[in-house]
Amino acid sequence: MDFGLGILTFGTLGFAVAFGYISARATEKLRKSDAPKSSLSRDGMAERLAADTQTTA
């Protein structure tokens, strides 16, 4: 019983650590890319307004 509980505990912990690592790498990859930002974020909205101003001016 104790052995199985240890496997479940460390398996769950290992999964959480691996998921966090993969998520952090994906976030860093998106941050470094030139993909358009969400229009819901402050800097994304500013980016879209600046691009709109450049095309109309």
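Among the listed residues Gly44, Gly20, Gly4, identify the single one that is out of contact with any Asp or Glu (no Cβ under 9 Å at 6 or more places or on another chain), in a helix (DSSP H, G or I), modelled with pLDDT under 85 and surrounded by 10 or more Cβ atoms within 10 Å (Cβ to Cβ). Steps first, answer last, please.
Working: Gly20 fails: modelled with pLDDT under 85; Gly4 fails: surrounded by 10 or more Cβ atoms within 10 Å (Cβ to Cβ).
Matching residue, one of Gly44, Gly20, Gly4: Gly44.
Run down Ala26, Ala50 and say which single residue is over 12 Å from the mean Cα position of the chain (by Cα) and assigned to a helix (DSSP H, G or I).
Of the residues listed, the single one that is over 12 Å from the mean Cα position of the chain (by Cα) and assigned to a helix (DSSP H, G or I) is Ala50.
Could you tell me which residue of segment 29-41 is surrounded by the most Cβ atoms within 10 Å (Cβ to Cβ), considering only residues that are part of a loop (DSSP other than H, G, I, E, B) and not small (Gly, Ala, Ser)?
Lys37
The values are calculated or read from the model by the stated rules, or taken from the named source; none is laboratory data. The model shown is predicted, which means the values in this text are computed figures rather than measured ones. No Cβ is skipped: glycine too gets one built from the backbone with ideal geometry, and neighbour counts run over all protein chains shown.
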